[in-house]
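Values quoted throughout were computed directly from the atomic coordinates according to the rules given, and no laboratory measurement underlies them. None of the values given here were measured: they were computed from a predicted structure. Cβ sites come from the backbone with ideal geometry, for glycine too, and all protein chains shown count toward neighbours.
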């Protein structure tokens, strides 16, 4: 009897538990929980929602992604390499600047006012052909006196001083020597050797005549007045010199004494007039009062018996009268 009662009691308890399970959601709740699992292959991922096994921690800590760690280390390596390259470049720049400052020396207040304008023919081995070019800035407001300045090789120590010169050079005369003063935008050709005419001088519109009988390096510019300007077609000239003289003047080259062009057709007055007028001194007498007579160009001779500048590499300084560096040329 007791056994039967216990059996029925167990059955009632089981039925009660089943009823409670159904009331609380039963099979539907279990199905929903299973549906939270999604699995797939390829690029999709598996999601377990909020489901976890009893032995799993509530908030698991995942390990580092190896691919992300590798990329991060590579990016850091690249950044360090770039910084090192930048520092190296900055160091080299500072080193170059320091070397340039040592080569330049103590700056002169004339820096930027006069400068070395290229190498010219500094690599020549003959002093009469070796030269440098200097220039005065176009915006200078006052003439710059360069007599007493010097050019010096920072490599060999050779130094040569800029002399005085003739403002209005004349052939066959003792020319007055004055300090060389550069106007704005003036140019100077500084030749290592001696002058073919015995002095440094400023060029003028007649200087091209000097090329005929002396050798200049570089050659003087030949912008002399046309011979036809000297003997224009006029009644006076026809009466004084004759038709042949006027015709010849129209065909003569500029900057040349025309003695080799004289023929028997020319009158003696014509020959004398052309020989005296179409010459360097004759050209000066005729045109010296023109506004554009003088050129803004000097020929300066250092009178060295040997070359001054190295033929491979050199650093040449232009020094003012106090030895301060106006400009420097490295080649």
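So the values come out like this:
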| quantity | calculated |
| --- | --- |
| Shape of the stretch 185-270, Cα gyration tensor, a/c cut at 1.5 | prolate |
| Relative packing of 182-192, 229-239, 307-317, which averages over residues the other C-beta atoms within 10 Å, highest first | 182-192, 307-317, 229-239 |
| Burial order of peptide ranges 240-248, 162-170, 285-293 (average beta-carbon count within 10 Å, highest first) | 162-170, 240-248, 285-293 |
| The stretch 235-331: projected area of the alpha-carbon convex hull, averaged over directions, in nm² | 11.6 |
| Inverse of mean 1/r across different Cα pairs in the stretch 121-278, Kirkwood, Å | 18.5 |
| Fewest-first ranking of 298, 138, using other Cβ atoms within 10 Å as the exposure measure | 138, 298 |
| For 156, 254, order by how many other beta-carbon atoms lie within 10 Å, fewest first | 156, 254 |
| Spin-label model distance (nm) - residue 179 vs residue 160, 7 Å beyond Cα toward Cβ | 2.3 |
| Kirkwood estimate for the stretch 221-289, i.e. one over the average of 1/r between Cα atoms, Å | 12.1 |
